[in-house]
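Novice: Below is the structure I would like to discuss, written out as structure tokens.
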Amino acid sequence: MDKVRIATVDTSCPIEPMFALTDRVVVELRDGRKFDSGEVRFARGNAKLPLNDEELKAKFLDCAPAPIISMQARSIRH
């Protein structure tokens, strides 16, 4: 965790004032390369940017405990 830095901003979301207007993630590698998400208004899965059926199914299957992921779980219909 000593390699993680957090910076806050003073903007607030007009819809959810307890949150910032946007978020951003920047990953800097040892060789100096940086990967920047850019400003993200709503994360995928937020009510304002919902997951589609296939994304929701993939998320469920990724999060479900191994015993749950059976032929029955994989055959979930949207």
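Novice: Name the one entry in Leu51, Leu21 that is touching a Ser or Thr at 6+ places or on another chain (Cβ under 9 Å), open to solvent by less than 90 Å² (accessible area, probe 1.4 Å) and either part of a loop (DSSP other than H, G, I, E, B) or at pLDDT 90 or above (or both). Talk me through it step by step, then tell me what you get.
Specialist: Values: Leu51 fails: touching a Ser or Thr at 6+ places or on another chain (Cβ under 9 Å).
Leu21 is the lone residue from the list that is touching a Ser or Thr at 6+ places or on another chain (Cβ under 9 Å), open to solvent by less than 90 Å² (accessible area, probe 1.4 Å) and either part of a loop (DSSP other than H, G, I, E, B) or at pLDDT 90 or above (or both).
Novice: Just give me the residues in the stretch 24-48 being among the hydrophobic types (A, V, I, L, M, F, W, C) and either farther than 28 Å from Phe60 by Cα or part of a strand (DSSP E or B) (or both), in sequence order. Full working, then the answer.
Specialist: Taking the stretch 24-48 and keeping what is among the hydrophobic types (A, V, I, L, M, F, W, C), we get 25-27, 29, 35, 40, 42-43, 47.
Of everything in the stretch 24-48, those that are among the hydrophobic types (A, V, I, L, M, F, W, C) and either farther than 28 Å from Phe60 by Cα or part of a strand (DSSP E or B) (or both) turn out to be Val26, Val27, Leu29, Phe35, Val40.
The values are calculated or read from the model by the stated rules, or taken from the named source; none is laboratory data. Note that the coordinates shown come from a computational prediction; the quantities given were computed from them, not determined experimentally. Cβ sites come from the backbone with ideal geometry, for glycine too, and all protein chains shown count toward neighbours. The protein model used for the area step is the full one, side chains on, heavy atoms only, and it has no ligands, DNA or RNA in it. Shrake-Rupley method; radii C 1.70, N 1.55, O 1.52, S 1.80 Å.
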